[in-house]
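Read the structure below first, then the notes.
The values are calculated or read from the model by the stated rules, or taken from the named source; none is laboratory data. Because the structure is predicted, anything quoted here is derived from the model rather than measured. Cβ atoms come from the backbone with ideal geometry, glycine included; neighbour counts cover every protein chain shown. Calculation scope for accessible area: heavy atoms of the full protein, side chains included, ligands and nucleic acids excluded. Shrake-Rupley method; radii C 1.70, N 1.55, O 1.52, S 1.80 Å.
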Amino acid sequence: MTSSAKYLDTKYLDIKATCYNLDIKYLSIEINKAGGFKVNARTIYLLAALAGGAILPIQVALNTLLRGYVGEPMQVTFISYLAGTLASLVICVLARYPLPATTALAQTSWWMWIGGCLGTLYVWSTIFATPKIGASLALALTIAGQMIAALFLDHYGAIGLTKLEASPTRIAGVVLVVLGVSLVAYAKR
């Protein structure tokens with residue numbers, strides 16, 4: 001770990017461990033003798049993304065279950081987004097986030113607002129496909145699609161993203177994801 005890394009001190013967590021350092025590239029956790037630990041700032045973002053990914057199959061399962069009561073996938077998508085909108089509103093109010101300035105909103109381009117529409121397509125597609133192909137294959141294909149698109153977006157720095165070259169290692173990682181999807185699909189036969 002570098003001395004310049006920022007850490008979140010979590011001594012209030014009572015975690016005992018026999019090892020004192022876990023230092024994997026981009027993931028760093030330091031456990032002290034008293035049982036507390038420090039986590040590299042980047043690790044927090046990695047764990048947040050991992051937790052978000054772990055929640056997706058639960059969302060897909062709940063939406064698929066709700067479809068049995070509601071009917072059409074787009075109706076369930078609407079309910080899902082309405083519930084998410086209300087949850088986001090409550091969080092923003094409780095956190096006392098200010099409303100965005102109208103001058104800042106006026107500077108945006110029209111296409112910056114279609115993220116919710118794309119999310120609607122994602123949620124609908126999983127509700128539509130999951131009952132027929134199963135949650136594991138639906139999510140495996142979703143992840144493969146995300147990885148392929150993300151590799152392209154990163155490589156070209158599209159839509160304001162930081163440009164990250166599609167190196168042979170990154171391409172190999174995406175190929176492995178696609179091979180993993182193939183294994184999940186084969187197992188579904």
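Before moving on, here are some points about what is shown:
- Once all protein chains are placed together, Val177 keeps about 40 Å² accessible to a 1.4 angstrom probe.
- Taking 7 Å steps out from each Cα toward its Cβ at Ser136 and Leu183 produces label points 1.1 nm apart.
- Stretched out straight at 0.36 nm per residue, the stretch from Ala150 to Gln75 would grow longer than its current Cα-Cα span by 24.1 nm.
- Packing rank of 98-107, 140-149, 54-63, where each peptide gets the mean count of other beta carbons within 10 Å, highest leading: 140-149, 54-63, 98-107
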